[in-house]
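Written out below as structure tokens is the structure these notes cover.
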Amino acid sequence: MSIKNLVNLDDNKLLEMNVGKKFAHTFTRIYIYLGLSLCLLIISIAVGILGYHKLYNNYYNQNTYQGLLRIHNQNLGKSAWWALATRVSETRQEQIVEFHETMLNNMKEDLTNLRAYRGETELIKSLDANIKNMEATTNKLASMYAQAEELEDGSLSNGNEIYAVMRDELRPEVLKTVENTRQMTSNVTNEVTNSYDLTIVIMTIMVVISIIMVILLIVFMRNAQNTLTKCVVMPVDEVAKAAEQMARGDLNVAIDYHANDEFDILARDLENSTRASMNIVNDISNSLNEISEGDFSKGTITPNLYHGNFSPISESMNTITDKLSNTMNDVKAASARVSEGAENMSRGANELAEGATDQAAAVEELTASVSTVTEQTEKMAEDCAKGVQMSIAAQKVAKDGADKMDQVTEAMQRITAASKEIQEVANSIEAISSQTKLLALNASIEAARAGDTGKGFAVVAQEIGQLAQQSNDAVQRTHALVSSALAEIDSGNEIVAETQITLHEIGDSVNELAEMMRTSGDMAQHQASNMREINQGIEQISEVIQNNSATAQESSAVSSELSDQSNQLHNLMSQFQVKLV
């Protein structure tokens, strides 16, 4: 099967299926692709989980136990050398127990755990042999320590022999154990790397396959959507076009769709239905043409076309012709009575027209009077509105004036404060001038005491005294000016206050006047509105009366014509073919 067949649906095959099977076939393919994608994804996840589980539970634990074995091996050698090197008896005994029992037992336990993961490999066998050799050596060392005697300096009598055993027998086994554990570490590392690479490769392959399956699923779903839409929407569009054609009144329907599904059956049924409807419409049209020509003697031309729900149409056509026949007979009898009534109507209409003409004249005079009153009332309302606007403007001017006077009051207050400050400065200058005069007097006295030597200083003192006198005179004039300015400012403040009060009173009066003008304007507008309503009512009465007058005149003319037409109607009725009762 090619890729094209995998991602496409067979149009011809779908056309041979009914609608339910179309969707079932399409979604079955989708479910298959989706199930395969999910299976691949689950396999990828399972491979990853198993791979990492193996890395942790196998290689990680192996590395841990071989590391512990190496540590215990090194601690055994360290304890053995420490027992030989120490001069303390208690420490020596502790280290003998440490390397002879504790570390050796730990190494055996570590080897047992490694054998559970690695199996009986050459490295495991070699480590087992190393541990057994070290056990034999530690037994020998323990016996030598037990037989040794301590010297005065804490050393052992057979220390050289113990050293030779440790150097020649224990140390080589420790080194071999270290080398074997290193080799095991290298092997475990290689196995971990290979296992990790294999897991990554398998997961990558499975993910790539899953992605390819998802892409194929997406492409298939897109193509399936287009194909399914074509197989379902195309017949629906054809039927919709036929229905739209029928809605426009065109019953010549031909649906271009052929398949072995429900839509084909629907298309054929729709064509047959429109064909039957077309035959009925043609029969109705022909029957109505006969009726329009005045033949009420029969209903439908082809009664056998009307089956099922169309039967009431045939019955209705027969009922219509029966009722029209009866109606025409009644019209013939009534035409004579209509002619007699038309003559009586003509006389009454003439009398009604004359009375309506008199009423129209009286209403026109009343309308003219009301219109004049309405115009005067509207003029008064406009004048009141202008008065209100002028009052509002005057009120704004008065308020602006009051605001300006408030600003003037504030300016006068600031000038008063500045004048008081000037007066204080003048007082300070006056005090300085008095002190300067006193200083000049003292200088003159000192110059007189000095004689000829102080004459120059006396001149200076005299000039200073004159300058102080001039300053004092200027200060006095400043005092006078400031006092005069303060008096004028106080007078201006009183005038401004009075003016401000007056402006506020003017504003209040303007407010009252504006309110009165506004009330008058509202009343005038209300009155004008009422007058307009009255005028409209009178105009409506006038129109009714004029219409009545015109109608009465028309009725008089129509009644005259009605008499003539009733005679013509009797002549026309004789031309129709009706059923005899």
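Computed from the coordinates by the stated procedures, all read-outs in this text should not be read as laboratory data. Predicted model, so just to flag it, every value in this text is computed and none were measured. Virtual Cβ from ideal backbone geometry, glycine too; neighbours counted across all protein chains shown.
General remarks:
- When Arg87, Arg518 are sorted by how many other C-beta atoms sit within 10 angstrom of their C-beta, beginning with the fewest, the order is Arg87, Arg518.
- For the stretch 36-215, the relative contact order works out to 38 percent when only alpha carbon pairs closer than 8 Å and six or more residues apart are counted.
- Label-point separation in nm, Ser277 to Asp508, each point 7 Å along Cα→Cβ: 8.8 nm
- Per-residue Cβ neighbour rank within 10 angstrom, fewest leading, Thr28, Thr302: Thr28, Thr302
- Charge tally in the Cβ shell below 10 Å around Lys108, where Lys, Arg are +1 and Asp, Glu are -1, Lys108 excluded: -3
- Pairwise FRET efficiency - Ile200 versus Ala247, Cβ, R0 = 60 Å, nearest 0.05: 0.35
- Given +1 at the Cβ of Lys and Arg, -1 at the Cβ of Asp and Glu and no other charges, the dipole of the stretch 41-177 around its Cα centre is 800 debye to the nearest 20.
- Net charge of neighbours whose Cβ lies under 15 Å from the Cβ of Tyr65, counting Lys and Arg as +1 and Asp and Glu as -1: +1
- Gyration tensor (alpha-carbon) shape descriptor, the stretch 118-237, a/c threshold 1.5: prolate
- Leu151/Tyr117 FRET efficiency (R0 56 Å; Cβ-Cβ; nearest 0.05): 0.70
- Extension gain from Asn289 to Arg171, taking 0.36 nm per residue of separation minus the Cα-Cα distance: 29.3 nm
- Which of Tyr306, Tyr59 has the fewest Cβ neighbours within 10 Å, and the rest in rising order: Tyr59, Tyr306
- Charge-dipole axis of the stretch 83-201 as Lys and Arg at +1 and Asp and Glu at -1 on Cβ define it, positive-most pick from Ile131, Gln95, Asn187: Asn187
- FRET efficiency, Ile49 to Ala136 (Cβ-Cβ, R0 35 Å, nearest 0.05): 0.15
- Amide proton proximity set for Ile301, modelled H, under 5 Å, gap of 5+: Ser287
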